[in-house]
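Just below is one structure, and these are the notes that go with it.
The values are calculated or read from the model by the stated rules, or taken from the named source; none is laboratory data. Treat the numbers as computed from the prediction; the structure is a model and nothing was measured. Glycine also receives a Cβ, built like all others from the backbone with ideal geometry; neighbour counts cover every protein chain displayed.
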Amino acid sequence: MSEITDTPQEPLGSEFGHGSTAMDVVSGVYLSGKTAIVTGGYSGLGLETVRALVSAGARVTVPARRLEHAKAVLAEAGLENEVETDRLDLADQDSVKDFAARFLAGHDTLDILINNAAIMASPEQRVGPGWEAQFATNHLGHYTLVNVLWPALVASGDARVVSLSSTGHKLSPLRFDDVDFASGYDKWRAYGQAKTANSLFAVELDRLGREFGVRAFAVHPGGIMTELQRHLPREEMVAAGWMDAEGNLREGFKTPEQGAATSVWAATSKALEGKGGVYCEDCDVAHPTDKESPLARYQGVDAHAVDKDSARKLWELSAGMTGVNAFA
């Protein structure tokens, strides 16, 4: 086997862009016989991601903490006969392992795994053995999910794992000396750390998995107003410049259909064959952040979110915290 080289963190020149929708991306894509999982696939970006994958012929499983609510939403969307649903609470490691075991019992392969579910800027909360909830839910839950589902990903022979990060990663690197905010909790720094973790996870998973035919990508979906903002009062979103006092969103925000496009592109695009371990935005591989740009807060990927040494260190930390490691 020839050596697999790292994929440069630079745009490919995609035919899609900021305004493309998930349906645009899957036009002409055929996923018949492919199996996919989309966490959080019953609201916002996740629902539009599921809709696009189903339209291309994939068999999609949507695991959900609020299972009955998820079933109702999917039924309202006309997808109840097109997807499987199951129970999953990403903040509960036992729930993650139980879901993965049930999936493995019923499916031989997993071709696409989109780690979409997340919480954002939540009040301080502890889960499991005292873990900070945003890091535990957004990162550790998905870390364990991927590791337990590893046999099905390898069996695919050509699987992709998409990890949803965001420009929130620019708010904080990994705080290796205190990932759980034992003191001085800050909801935005905690969210930023979790989104950095989502990106670093893709970097290391791709390094470990590519010899088995498993490639991983981190994705910034764009600014979208969804249930993710449920913990934020309007005054805070106005102060952040996301909307005006009347609730009108600032220019550049995407619809959920547009926000789902980069996840679907990373999961299905032929332009990414043989590539991985990169951070994507607007349906292309992102530029490294230009710190001199007035848009540096909103565009590009900061170096700390794609640093290979930090990615390996995070994997080791996560393995130690969860006791799970498919590569041990």
### Message
So G130 passes all but one of these: (1) at negative phi; (2) out of contact with any Gly (no Cβ under 9 Å at 6 or more places or on another chain). Which condition number does it fail?
### Response
(1)
### Task
Just one of (1) within 15 Å of the chain's Cα centre (by Cα); (2) at pLDDT below 95 trips up T268, so point out which.
(2)
### Query
For the stretch 16-41, what are the residues that are within 17 Å of E82 (Cα to Cα), out of contact with any Ser or Thr (no Cβ under 8 Å at 6 or more places or on another chain), buried (at least 18 other Cβ atoms within 10 Å of the Cβ) and not β-branched (V, I, T)?
K34, G40
### Query
Can we say G13 is free of Cβ contacts under 8 Å to residues at least 40 places away in the same chain, part of a loop (DSSP other than H, G, I, E, B) and surrounded by fewer than 21 Cβ atoms within 10 Å (Cβ to Cβ)?
no
#### Entry: Any chance E281 is over 19 Å from L153 (Cβ atoms) and surrounded by fewer than 23 Cβ atoms within 10 Å (Cβ to Cβ)
no
### Query
In the list A70, A52, which residue meets the criterion of being farther than 21 Å from V29 by Cα and either aromatic (F, W, Y) or modelled with pLDDT of 95 or more (or both)?
A70
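Please verify whether the stretch 292-299 includes one or more residues that are hydrophobic (A, V, I, L, M, F, W, C), modelled with pLDDT of 90 or more and either surrounded by 18 or more Cβ atoms within 10 Å (Cβ to Cβ) or under 27 Å from A36 (Cα atoms) (or both).
Step one: of the stretch 292-299, the residues hydrophobic (A, V, I, L, M, F, W, C) are 295-296.
Now drop any that are not modelled with pLDDT of 90 or more, which leaves 296.
This time we only want the ones that are either surrounded by 18 or more Cβ atoms within 10 Å (Cβ to Cβ) or under 27 Å from A36 (Cα atoms) (or both), so: none.
No, that holds for no residue.
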### Message
Would you confirm whether or not the stretch 174-189 contains a residue that is in contact with a helix residue (DSSP H, G or I) (Cβ under 7 Å, 6 or more places away or on another chain), crowded, with 22+ Cβ neighbours inside 10 Å and aromatic (F, W, Y)?
### Response
no
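Starting from residues that are among the polar types (S, T, N, Q) and without any contact (Cβ under 8 Å) to a residue 40 or more places away in the chain, keep the ones in the stretch 166-188 and report whichever is farthest from V127 (Cα to Cα).
S172
Being in contact (Cβ under 8 Å) with a residue 40 or more places away in the chain, surrounded by fewer than 16 Cβ atoms within 10 Å (Cβ to Cβ) and farther than 22 Å from S156 by Cα is the requirement here; does E76 meet it?
Considered against the rule, which asks whether it is in contact (Cβ under 8 Å) with a residue 40 or more places away in the chain, surrounded by fewer than 16 Cβ atoms within 10 Å (Cβ to Cβ) and farther than 22 Å from S156 by Cα, E76 comes out as no.
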### Task
Specify which of the listed residues (G320, G274) is on the phi > 0 side of the Ramachandran plot, surrounded by fewer than 23 Cβ atoms within 10 Å (Cβ to Cβ) and modelled with pLDDT of 95 or more.
G274
### Message
Here is a check on your reading of the model: is E124 touching a residue at least 60 places away in the same chain (Cβ under 8 Å), over 20 Å from the mean Cα position of the chain (by Cα) and surrounded by fewer than 17 Cβ atoms within 10 Å (Cβ to Cβ)?
### Response
yes
### Task
Might you check whether a residue that is hydroxyl-bearing (S, T, Y), crowded, with 16+ Cβ neighbours inside 10 Å and farther than 30 Å from D180 by Cβ occurs anywhere in the stretch 107-119?
yes
### Query
Of the numbered conditions (1) closer than 20 Å to K97 by Cα; (2) touching a residue at least 24 places away in the same chain (Cβ under 8 Å); (3) more than 19 Å from the chain's Cα centre (by Cα), S163 satisfies every one except a single condition; which is it?
(3)
